[in-house]
Amino acid sequence: MNDKERLELIERISCGIASDDELGQYNAWCNSLQEPGLPVADFGVLQTRMLANINGRIDHIRIIRLRYYKIASVAAALVAVVFGLWFYSSNMLSNPKVEIVYQNDIAPGKNRAILTFANGKTIKLSDAQQGVTVGKDLKYYDGTEITAERTRPQLLTATTPRGGAYEITLSDGTRVWMNADSKLSFPSSFSGRERRVSLKGEAYFEVAKNYFSEVKGDQSIKERIPFVVVTDKQEVTVLGTHFNINSYGDEAATKTTLLEGSVRVAVSGTNNALLSSSRILKPGEQAINDGGIRIDKVDVEEVVAWKNGSTVFQDKTLESIMRELSRWYDITVVYAADAPRHEFFSGAVSRTRNISSVLERMQTTGSVKFKIEGRIVTVTK
């Protein structure tokens, strides 16, 4: 294989479509990069060597989205899951990493949320729990009751802080993954012919199918109950589907990405405006709402990587990347006058790593530098 073919092979493996023969070729290539008898310790090292080898021999280096790789038989009897942490930009360097300057490191976010009742009472949800189920009783996923009081019908609000995330299962069985700095308001139990919630921030929804039944004359009528997510710019109406909504106030647009099923995205306004400014999404499409709605084809795995424990950037500006990192690590970002705020970067990183690991890899591009002081990150050229 030549280097371009190896790049294509890595992309096929990352997408999960590589054949057994291709996996064998990949393993043989990995072995060729190792010293005899040494196991593959870090995929990022291999990727660095490969890119350094071909940088300048290929006119255009294709952007490779790194995810979890299951490498079978890289060395005899070795089976390991390796996550490659890698960033690069338009003026990528092939030299070794440059150490970041910091007085302290910052740990990543974790499971944190507050549940607020209609009367203003609040409960800090357990950091040790993955999520909570809402119904007549409030319980964590392991069955532990949160409060001995039964939850009367009321509006509840779950809030995740900067540096926090949480999972909520609503009374109808709909599962919601809340990203950092987000707010979800919902009834403790749904009733009527519509299920309506409101969102600020970002959340991934797996909507349960729900039906309304009534008898008219001698006929029994069964209709699906729509699920509506309201943000400050739009309404998303679904019947049963998987989708992601990013509606942070500091982003220029609200983005709705469909993974499965079908949704209707409508710009907020009067009923007539809703009808005239709505679009139907198909799986793999994203509605970008910045006052009007346009539809783009997107990589859905990149969009929902945060839910699966990763942060993935593909051709995003430094400023956009730092906004996302600031929410997860609860940091304040300060830009020097020469900071390359609008330069594009691509890469992937586990959300379990300290921020120094993320920023240090970005520095290897040679186009940006960082300094950490307390919870302030300063960005310079």
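The values are calculated or read from the model by the stated rules, or taken from the named source; none is laboratory data. In this text, all values refer to a predicted model and were calculated from it rather than measured experimentally. Methodologically, a virtual Cβ is constructed for each residue, glycine included, from the backbone with ideal geometry; neighbour enumeration extends over all protein chains shown.
In the stretch 246-253, is there at least one residue being at pLDDT 90 or above and among the hydrophobic types (A, V, I, L, M, F, W, C)?
First, pick out the residues of the stretch 246-253 that are at pLDDT 90 or above: 246-253.
Cutting the leftovers down to among the hydrophobic types (A, V, I, L, M, F, W, C) gives us 252-253.
Yes, that holds for at least one residue.
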> What is the one condition in (1) surrounded by fewer than 21 Cβ atoms within 10 Å (Cβ to Cβ); (2) more than 13 Å from the chain's Cα centre (by Cα) that LYS307 does not satisfy?
Replying inline: (2)
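Here is a list: ASP181, ASP172. Which entry is within 23 Å of VAL303 (Cβ to Cβ), surrounded by 16 or more Cβ atoms within 10 Å (Cβ to Cβ) and not β-branched (Val, Ile, Thr)? Can you show your working first?
Working: ASP172 fails: within 23 Å of VAL303 (Cβ to Cβ).
Step by step, each of ASP181, ASP172 is checked, and only ASP181 is within 23 Å of VAL303 (Cβ to Cβ), surrounded by 16 or more Cβ atoms within 10 Å (Cβ to Cβ) and not β-branched (Val, Ile, Thr).
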>> Just to verify a result, which residue in the stretch 119-158, among those that are charged (D, E, K, R) and closer than 15 Å to LEU170 by Cβ, is surrounded by the most Cβ atoms within 10 Å (Cβ to Cβ)?
In response: LYS139
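Let's see how each residue does on (1) of a type in the set (A, V, I, L, M, F, W, C); (2) within 18 Å of THR254 (Cα to Cα); (3) at pLDDT below 90:
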{"residue": "ASN179", "(1), (2), (3)": "no, yes, no"}
{"residue": "SER189", "(1), (2), (3)": "no, no, no"}
{"residue": "ARG193", "(1), (2), (3)": "no, no, yes"}
{"residue": "VAL197", "(1), (2), (3)": "yes, yes, no"}
{"residue": "ALA203", "(1), (2), (3)": "yes, yes, no"}
{"residue": "ASN210", "(1), (2), (3)": "no, no, yes"}
{"residue": "VAL238", "(1), (2), (3)": "yes, yes, no"}
> Failed condition for SER268, given (1) within 14 Å of the chain's Cα centre (by Cα); (2) over 30 Å from SER357 (Cα atoms), with all others met?
Replying inline: (1)
>> For the stretch 337-381, give me each residue that is part of a strand (DSSP E or B) and modelled with pLDDT under 90.
In response: PHE344, PHE345, SER346, GLY347, ALA348, VAL349, SER350
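Does SER326 satisfy the criteria of being closer than 28 Å to ARG112 by Cβ, crowded, with 16+ Cβ neighbours inside 10 Å and either in contact with an Asp or Glu (Cβ under 7 Å, 6 or more places away or on another chain) or not assigned by TED's automatic domain parsing to the domain that holds GLU235 (or both)? Break it down stepwise before answering.
Values: closer than 28 Å to ARG112 by Cβ: yes; crowded, with 16+ Cβ neighbours inside 10 Å: yes; either in contact with an Asp or Glu (Cβ under 7 Å, 6 or more places away or on another chain) or not assigned by TED's automatic domain parsing to the domain that holds GLU235 (or both): yes.
Answer is yes for this residue.
Matching residues to (1) within 28 Å of ALA128 (Cβ to Cβ); (2) in contact (Cβ under 8 Å) with a residue 12 or more places away in the chain; (3) among the charged types (D, E, K, R); (4) assigned to a strand (DSSP E or B):
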| position | (1), (2), (3), (4) |
| --- | --- |
| ARG162 | yes, yes, yes, no |
| GLU167 | yes, yes, yes, yes |
| GLY173 | yes, yes, no, no |
| PHE186 | yes, yes, no, yes |
| ARG193 | no, yes, yes, no |
| GLY240 | no, yes, no, no |
| PHE243 | no, yes, no, yes |
| ASN246 | yes, yes, no, yes |
>> I'd like the full set of residues that are loosely packed, with under 15 Cβ neighbours inside 10 Å and outside any strand (DSSP E or B), limited to the stretch 284-304.
In response: GLY284, ASP290, GLY291, GLY292
